[in-house]
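Everything on this sheet refers to the single structure shown next.
Values quoted throughout were computed directly from the atomic coordinates according to the rules given, and no laboratory measurement underlies them. The structure displayed is predicted, hence computed values, not measured ones. A quick note on method: Cβ atoms are made from the backbone with ideal geometry, for glycine too, and the neighbour counts reach across all protein chains shown.
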Amino acid sequence: MRVFYVSQIQYLKNLKDVNLTTLLYHQAFSLQLALLEKTSMHQIASALAGISIIPTLAQHAPQLALLVRENINHLQTWLPKVAQLAGEDEARAYLERVSERDVDATLLEWHIFSGADLCGSIRLKEIDHEDRTAAIGYYLGSRFQGKGIGTASVRAVLGHAFGVLGLNRIEMQCAAANRSSMALGQRLGFTLEGVLREAECLNGVFVDLHSHALLRKEFLQDGA
């Protein structure tokens with residue numbers, strides 16, 4: 001497909017007169033190719049049967065909005081920005097922004113599916129390819145918790161980050177009172193490195209953040 005795409009671009013360059021219809025066709029083709037490459041490059045295998053971890057797509061908007069509505073109270077408490085995606089239009093606009101930002105490879109986000117049901121999300125942000133670091137965030141719908149889905153999915157993304165992306169250090173921050181998020185990080189070998197005092201404002205209240213990190217060598221030593 002890539003060879004065909006290159007030949008199409010060369011074809012355009014050789015044309016003396018490119019009409020608008022032809023140009024739009026090739027732009028659409030280019031966007032389709034980029035989408036296919038993104039999906040295939042960052043598709044992640046899950047250790048759990050029936051669980052899929054795939055890059056976010058705008059077409060996931062209805063499922064994302066439903067997931068947010070089902071977990072609105074929890075999200076409003078810990079992830080108020082995510083709680084704003086309860087409408088399909090808001091969810092689609094967000095997913096389109098994510099697609100635009102992952103072009104420069106500083107942000108990648110995946111959706112976790114259990115069969116056809118969207119059950120959560122995992123994000124790598126602030127990806128620094130020079131220092132080989134990134135920060136990770138995640139959430140899982142309440143009806144999918146307690147089944148090992150969150151732990152297995154985050155572990156799979158960490159394997160992708162340390163392997164395919166070549167990162168060396170992944171950081172994780174969460175509110176000091178968010179025990180479930182901290183527990184997941186601890187199960188995966190993250191080390192608490194410090195407390196950032198009143199570093200986040202949640203619903204008008206300043207809260208402390210616990211700062212954790214995991215190194216590539218630690219991940220490999222644990223046999224994850």
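Worth pointing out:
- Backbone amide hydrogens, once placed in the peptide plane, bring Ile54 within less than 5 Å of His111, Phe113, excluding anything fewer than 5 places away on its chain.
- Once the Cα-Cα distance is subtracted from the 0.36 nm per residue extended length, the Gln145 to Gln59 segment shows a gain of 28.5 nm.
- At most 13 other Cβ within 10 Å, DSSP loop - trypsin sites (Lys or Arg not before Pro), the range 139-219: none
- Residue order, fewest to most beta carbons within 10 Å, for Cys201, Cys174: Cys201, Cys174
- Based on Cα contacts under 8 Å between residues 6+ apart, the range 110-224 shows a relative contact order of 21 percent.
- Residues of the range 158-180 with amide N under 19 Å of a point placed 7 Å along Cα→Cβ from Asp208: 172-180
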